[in-house]
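Everything on this sheet refers to the single structure shown next.
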Amino acid sequence: MWRGWSTTELAPAYEEHLRDVTFPALREIAGHEGAYVLRRDDGDDVEFVVVTLWASMDAVRAFAGDEHEAAVVPPEARRVLTRFDETVTHYEVRATNQPRG
């Protein structure tokens with residue numbers, strides 16, 4: 001899990017970067033199991049929470065490298081974010097509630 005902030009003006013560019021660059025790259029990594037991007041508007045500030053799902057910590061390391069707790073924020077994303085967490089937080093999924101069907 002990771003958080004970053006932008007402005008209402010620049011937030012669409014960050015979302016576009018995720019869709020067009022980050023997500024396609026993640027799909028190529030064995031063990032990547034999906035991602036969620038949550039957005040919360042608060043006046044002119046926009047907070048993003050990015051949750052990526054991985055099969056294992058080895059899969060995380062394939063994306064992030066040995067420093068797997070350091071946030072991977074490429075220059076294109078840094079240009080449209082006003083601030084962001086320098087580290088990520090890893091959790092284990094212990095329960096899920098999936099809809100039927």
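Values quoted throughout were computed directly from the atomic coordinates according to the rules given, and no laboratory measurement underlies them. Computed from a prediction, not measured in an experiment: that's the story for all the values here. All Cβ positions, glycine included, derive from the backbone under ideal geometry; neighbour counts span all protein chains shown.
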Estimated dipole of the range 1-43 in Debye, rounded to 20 [Cβ of Lys and Arg +1, of Asp and Glu -1, Cα centre] = 140 debye
Neighbour count of at most 16 Cβ within 10 Å plus DSSP loop: longest trypsin sites (Lys or Arg not before Pro)-free window in the chain = 1-78
message = Quick check: convex hull over the Cα atoms of the chain, volume per residue in Å³, rounded to an integer?
response = 125 Å³
task = Starting at the first residue of the range 12-23, write each ³J(HN,Hα) from the Karplus equation 6.51 cos²θ - 1.76 cosθ + 1.60 with θ = phi - 60°, in whole Hz, x for Gly and Pro.
result = x, 5, 5, 4, 4, 4, 4, 5, 8, 10, 5, 4
query = Roughly how many debye, to the nearest 20, is the charge dipole of the chain about its Cα centre, given +1 on each Lys and Arg Cβ, -1 on each Asp and Glu Cβ, and no other charges?
reply = 340 debye
task = Determine, from the Cβ-Cβ distance of Val21 and Ala95 and an R0 of 25 Å, the FRET efficiency 1/(1 + (r/R0)^6), rounded to the nearest 0.05.
result = 0.20
